[in-house]
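Written below as C-alpha cells is the structure these notes are about.
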Amino acid sequence: MQPRLLKDINVAGKKVLVRVDYNVPLDAQQNITDDFRIEASLETIQYLLQQDAIVILMSHLGRPKGNRVAEMSLAPAAKRLSEMLKQKVIFVDDCVGEIAEKAVAMLAKGSVALLENLRFHKEETSNDDTFSKQLAALADVYINDAFGTAHRAHASNVGITAHFSEKGIGFLLQKEIEFLVKTIETPERPFTVIMGGAKISGKIDLIEKLSESADSILIGGGMAYTFLSAPPYNYNVGNSLVEEDRKETATLVVEKFAKEGKRLALPSDSIVAKEISPEAETRIFPIEAMKMGWMGLDIGPKTQKEFKSILETSKTVLWNGPMGVFEVAPFANGTKFIAEYLVELTEKGVTTIIGGGDSAAALKAFGLEGRVSHTSTGGGASLELLSGAKLPAFEALKG
Ligand code: AMP
C-alpha cells in the first residue's frame, strides 16, 4: 500500500512531528544564502496550522557527526521560517530529552516549533531505535516532508515510522515523487534529458535507466569528455576532465543508445582555457581540434545550437548538472543558455524539471528560480529515484 497522504490524515488539534529538510547553505556569519528548501516546506506547515495542529519540525543541517557544532545550528532556519510564516517559531535547543519534552509540552494549538539539528546526536544517522522512540514520544502524528534525505535510512525518517500508527507524507514529498516518477514512467514525448556536471561516476546508473525512457539525451559538462575520449569517438580531449575508469561504461552507454535508435548528443565544440579563473584566456575549439594544455570548460556556440534544435521539439525536459564550470564567469554561458531556454520552453507549455543540486543553484544564480515546471529539492534523492531505486524513507511509510 502507498504511504498515506497528509490530507487524508486527521491532524486537527494534534501534535504533528514533521521531518523537513532544512539543510540550507549558511555563510560565515550564519546567514542563510539560499532559503529554497524552507520555502518549499511552507505548504505543509500552513495546512497544519489551518487545522489548528501543533507543528513540531525537525531536520538535519550539514554533517556534525554526532557533535554539537555551533555553526550547524538550525537557529537561523527558525528565524527565517518565522519571517516567512509571519508567526513566531519557537526554537528548541535539543531534539530529544528533557529540553525537547518540556518545550513541546508547553506548545499551544496553532504554534510552530523547530527542534535543534538531529545530527547533533550520532544516533540519527545510525538509525538507532531508542533515539527514534525518543523523537516519536514528542507527538501523535508523524509526517515526512524531507525529500532531500529520503534516500537515506536514518532514525528521523525510517526508524521513527515503527513508532507511529498515524503517519504519512507531506505535500512536498508527495509532489516530488509524483513529478519525478510520472516523468520517468509516462513522459509526454519527445522526452529529452540534459546531463552535465563534473563526473559520470555518480550518474551512470541514471543515464542507463534514462536510456529506457528518454528519447534523446544531451551530455555536457566535464562528463562529456569521458564519452568523447572513449570509443567509438576516441577524440584527444587535451587536459579536459576524463575518468579513465569510466570510459568502458561510457562506450557501453553510447552503444545502448544507438541500438535502441535513441539520440545521445555530445558537444561538437568547447570553450577552452588553460586555467579555471575569471581572468583566463578562452578560445572556442571544435572537438576535433582539442589539444594538450587546454581544458574544455563549457559547451561552445555550435553545441548550444545543436542542443537547442533537439530541445525545440521536446514536450518534457529533465535537466541535471551544469554544462560547464558555471561558477566562473567565462565558463557560465552554456549553462545560462540552457537555463534561459528551459524557461522559454516552460512558457510555451513544455514540462521542465530540474533535478536539484547544481542545476538548481545555476537557475538561481541566473535569477530564474521558480520559472520552470518543477525544481527538485533533493539532488541525490532525485537521482536515485529517477534511476529507479527505492527511497527508504518512502518505503518505510508504505502500509
Ligand atoms: P556534479 O557534482 O558532478 O554535478 O558537478 C558539478 C560541478 O561540475 C560544478 O561545480 C561545475 O563547476 C563542474 N563542471 C562542469 N563542467 C565542467 C568541466 N567541463 N570541467 C570541470 N568541471 C566541470
Quick check, is residue 344 in contact with a Phe, Trp or Tyr (Cβ under 9 Å, 6 or more places away or on another chain), among the acidic types (Asp, Glu) and in the same structural domain as residue 379 (by TED's automatic domain parsing)? no
Can you tell me how many residues within the range 327-345 are within 13 Å of the ligand (Cβ to nearest atom) and closer than 27 Å to residue 182 by Cβ? 2
Within the set of pairs 6+ apart or on separate chains, which have a first residue in the range 346-367 that is closer than 22 Å to residue 210 by Cβ and within 15 Å of the ligand (Cβ to nearest atom), a second that is open to solvent by less than 50 Å² (accessible area, probe 1.4 Å) and of a type in the set (Ser, Thr, Tyr), and C-beta atoms under 6 Å apart? 354/375; 355/376; 355/382; 356/376; 356/382; 360/375; 362/335
So residue 274 clears everything in (1) in contact with a helix residue (DSSP H, G or I) (Cβ under 8 Å, 6 or more places away or on another chain); (2) charged (D, E, K, R); (3) more than 12 Å from the ligand (Cβ to nearest atom) except one condition, right? Which one? (1)
Could we say that residue 324 is in contact with a helix residue (DSSP H, G or I) (Cβ under 6 Å, 6 or more places away or on another chain) and within 15 Å of the ligand (Cβ to nearest atom) here? yes
Restricting the search to the range 148-171, which residues are open to solvent by less than 20 Å² (accessible area, probe 1.4 Å) and within 12 Å of residue 18 (Cα to Cα)? 156, 157, 160, 161, 168, 169, 170
Tell me, which helices (runs of 4 or more DSSP H) wholly within the range 292-399 include 2 or more residues that are among the basic types (Lys, Arg)? 301-311
Picking from 197, 168, 238, 222, which residue would you name as being closer than 19 Å to residue 385 by Cβ and within 16 Å of the ligand (Cβ to nearest atom)? 197
Within the range 286-305, is even one residue under 25 Å from residue 357 (Cβ atoms) and among the aromatic types (Phe, Trp, Tyr)? no
The condition from (1) at pLDDT 90 or above; (2) touching a Pro at 6+ places or on another chain (Cβ under 7 Å) that residue 310 misses is numbered (2)
Which residue out of 379, 399 is within 25 Å of residue 158 (Cβ to Cβ) and away from the ligand (no atom under 12 Å from the Cβ)? 399
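The values are calculated or read from the model by the stated rules, or taken from the named source; none is laboratory data. Note that this is a predicted model, so its numbers are computed, not measured. Positions of Cβ are generated from backbone atoms using ideal geometry, with glycine treated the same way; all protein chains shown enter the neighbour counts. These area figures cover heavy atoms from the full protein model, side chains too; ligands, DNA and RNA do not enter into them. Shrake-Rupley method; radii C 1.70, N 1.55, O 1.52, S 1.80 Å.
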